[in-house]
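Structure first, commentary second.
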Amino acid sequence: MPIILHFDEVSGCVCSTAHGIVAVDEIEAHVRAKVAANVLSKPEIFDARDVTLDLSTRDLQHIATLTREATGSQKPGPIAIVTNSAFIECLARAYAAMTVKQNPAFRVFNALADAKAWVEKQTTNPRTTSSP
């Protein structure tokens, strides 16, 4: 499975890790898994280091629509994407721009420790959405 989702009950955070080649089908399955686990409003750290994405801008729009519909009236939790790829960083920033009204607490990081610190700050002070 290209994306593994784990909910840490102690921290209240979703920890997702992607592996290999990730396409729109895997992202859709990830969103459905978050719905099934009832964690869409929980903070998430999505580790996308050393992953190859097979996504287009159209796929990003589809994912944004799917997520918006899945979230419904819930407020989505803060999401921190961790990547070491300039391509994935650009796609993630494009997605963030598409969904800023839906979820302004969406950031991209190059270091896992920075992502964890930002998510922790978001959960203790949810009004803070500043970039690192």
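The values are calculated or read from the model by the stated rules, or taken from the named source; none is laboratory data. In this text the structure is predicted, and so the values were computed from the model without any measurement. Positions of Cβ are backbone-derived with ideal geometry, glycine not excepted, and every protein chain shown enters the neighbour counts. Calculation scope for accessible area: heavy atoms of the full protein, side chains included, ligands and nucleic acids excluded. Shrake-Rupley method; radii C 1.70, N 1.55, O 1.52, S 1.80 Å.
If I ask for residues that are in a helix (DSSP H, G or I) and over 11 Å from the mean Cα position of the chain (by Cα), which ones from the range 69-92 would you list? Walk me through it before giving the result.
Just the residues of the range 69-92 that are in a helix (DSSP H, G or I), to begin with: 69-71, 86-92.
Hits for the range 69-92 are GLU69, ALA70, THR71, ALA86, PHE87, ILE88, GLU89, CYS90, LEU91.
Of these, THR52, THR83, THR71, THR67, which one is over 24 Å from GLU120 (Cα atoms) and either hydroxyl-bearing (Ser, Thr, Tyr) or without any contact (Cβ under 8 Å) to a residue 24 or more places away in the chain (or both)? Walk me through how you get there before you give the answer.
Details: THR83 fails: over 24 Å from GLU120 (Cα atoms); THR71 fails: over 24 Å from GLU120 (Cα atoms); THR67 fails: over 24 Å from GLU120 (Cα atoms).
Residue meeting the stated conditions: THR52.
Just to be sure, is LEU66 of a type in the set (A, V, I, L, M, F, W, C), at negative phi and assigned to a loop (DSSP other than H, G, I, E, B)?
The answer is no for LEU66.
Specify which of the listed residues (PRO43, PRO76) is in contact with a Cys (Cβ under 6 Å, 6 or more places away or on another chain), within 23 Å of ASP8 (Cα to Cα) and in contact (Cβ under 8 Å) with a residue 24 or more places away in the chain.
Numbers: PRO76 fails: in contact with a Cys (Cβ under 6 Å, 6 or more places away or on another chain).
Among PRO43, PRO76, only PRO43 is in contact with a Cys (Cβ under 6 Å, 6 or more places away or on another chain), within 23 Å of ASP8 (Cα to Cα) and in contact (Cβ under 8 Å) with a residue 24 or more places away in the chain.
Considering the range 1-17 alone, what residues qualify as being open to solvent by 40 Å² or more (accessible area, probe 1.4 Å) and either of a type in the set (A, V, I, L, M, F, W, C) or touching a Cys at 6+ places or on another chain (Cβ under 8 Å) (or both)? Before the answer, list the steps.
Within the range 1-17, the subset open to solvent by 40 Å² or more (accessible area, probe 1.4 Å) is 1, 4-11, 15, 17.
Those that are open to solvent by 40 Å² or more (accessible area, probe 1.4 Å) and either of a type in the set (A, V, I, L, M, F, W, C) or touching a Cys at 6+ places or on another chain (Cβ under 8 Å) (or both): MET1, ILE4, LEU5, HIS6, PHE7, ASP8, VAL10, CYS15.
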